[in-house]
1. Can you pull out the residues in segment 22-44 that are part of a helix (DSSP H, G or I) and either hydroxyl-bearing (Ser, Thr, Tyr) or farther than 27 Å from Glu110 by Cα (or both)?
2. State whether the residues of segment 124-137 include one that is away from ligand 2 (no atom under 14 Å from the Cβ), within 30 Å of Glu15 (Cα to Cα) and at pLDDT 90 or above.
3. Could you give me the residue pairs with C-beta distances under 9 Å whose first residue belongs to segment 1-20 and is loosely packed, with under 10 Cβ neighbours inside 10 Å, whose second residue is not in a loop (DSSP other than H, G, I, E, B) wherever it lies, and which are 6+ apart or on separate chains?
4. Name, by its number, the condition in (1) buried (at least 18 other Cβ atoms within 10 Å of the Cβ); (2) within 16 Å of ligand 2 (Cβ to nearest atom) that does not hold for Met115.
5. Going by what's in this entry, would Asp98 be described as exposed (fewer than 15 other Cβ atoms within 10 Å of the Cβ), outside the structural domain of Tyr65 (by TED's automatic domain parsing) and within 14 Å of ligand 1 (Cβ to nearest atom)?
6. If a residue has to be assigned to a helix (DSSP H, G or I) and closer than 16 Å to Lys58 by Cα to count, how many in segment 91-126 make the cut?
Amino acid sequence: MPRDWSIPLTDAEIEEMKSKFRAMPTYKPGGHIYSKDFVKFCEAIGYPRTQKQLMAYKDLLDKTYGGIYTMDLFVEAAKRIHSSSEVARFRAEQYDLDGNGYISAEEFVELMEFMTIHDPSLPKTNFEQFVKQADTDKDGKVSIDECAKWIEANTNA
Ligand SMILES: [Ca+2]
Ligand SMILES: [Ca+2]
C-alpha cells in the first residue's frame, strides 16, 4: 500500500530514507548528493510526484542551491512534508532567493514558474496581483509569512 504522506514521517522512516540518500551514486561524505540524483532519490523513497514535478524541483536545486541537495535540506523537507502550511512556508523561504525576508518581483517570477509546473491548474498571476492579494499588513511588500499563506490559499501543494 502506498504511504499516506499526510501522516508525519517517523524518525525510523527518516533514518531509512537517509540510508537511501547515502546510497545514491553522487553521495559525498559531507552529506550531500548532486541534483542529477534527485529524481532517482525521490523514486527510491516513493515520493508521489510526477516526473515533471520532480524535474521542477531539480531545477530549483540547480538555481537556488548550486545543484547540491544536502542531507540537512532533505531532513528539513521530510519533517514538513505532511503539512500543507509547512510545505507552503518551506517554499516561500526557498524562493526568497536573496534571503532578505521578502519576495521581490524577480523572486515571484521564479516561484510562479515553479508553482505552475507543480500545479498546472493554477491561474496566471502577475506580481501586482500577487502583492494585492498577499500583502495583508499593507506595507507594500510581501513577507515570507504572507507569501506562505498566499501559497497555501492558492495551491494544493
Ligand atoms: Ca527576497
Ligand atoms: Ca506585507
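1. Arg22, Ser35, Ala44
2. Within segment 124-137, none of the residues are away from ligand 2 (no atom under 14 Å from the Cβ), within 30 Å of Glu15 (Cα to Cα) and at pLDDT 90 or above.
3. Ser6/Ser84
4. (2)
5. For Asp98, the condition - exposed (fewer than 15 other Cβ atoms within 10 Å of the Cβ), outside the structural domain of Tyr65 (by TED's automatic domain parsing) and within 14 Å of ligand 1 (Cβ to nearest atom) - is met.
6. 12
The values are calculated or read from the model by the stated rules, or taken from the named source; none is laboratory data. Here the structure is a predicted model, which means the values were calculated and not measured. When we count neighbours, we look across all protein chains shown, and the Cβ atoms used for this are built from the backbone with ideal geometry, even at glycine.
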